[in-house]
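Participant: Mind having a look at this structure? Questions to follow.
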């Protein structure tokens, strides 16, 4: 509300204008209630996430699996190399052309 021209600004008028302006502002109780709701939603969403210890343990397990697979692959490749070498030797001895 704006004062009329030439009307004095009184304490009552100031109070009235301030009341109108703050009427739609949220109350402390409303803000606290809304924060509690949001905290509950956040807690529900993060409840299923793994803890840091659980995550670290799982990552250690996965890294061990990857390391084991790499070692197996290296051994497997070594076996293939040995077989190829033997096959080449046999082909040379019996005079067969390699593929």
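The values are calculated or read from the model by the stated rules, or taken from the named source; none is laboratory data. Since we're looking at a predicted model, the values are computed, not measured. A quick note on method: Cβ atoms are made from the backbone with ideal geometry, for glycine too, and the neighbour counts reach across all protein chains shown.
Participant: Here is a check on your reading of the model: is residue 44 at pLDDT below 95, surrounded by fewer than 10 Cβ atoms within 10 Å (Cβ to Cβ), within 28 Å of the chain's Cα centre (by Cα) and in a helix (DSSP H, G or I)?
Facilitator: yes
Participant: Follow-up question, since we're still on this one. Looking at residue 56, is it over 31 Å from the mean Cα position of the chain (by Cα) and surrounded by 10 or more Cβ atoms within 10 Å (Cβ to Cβ)?
Facilitator: no
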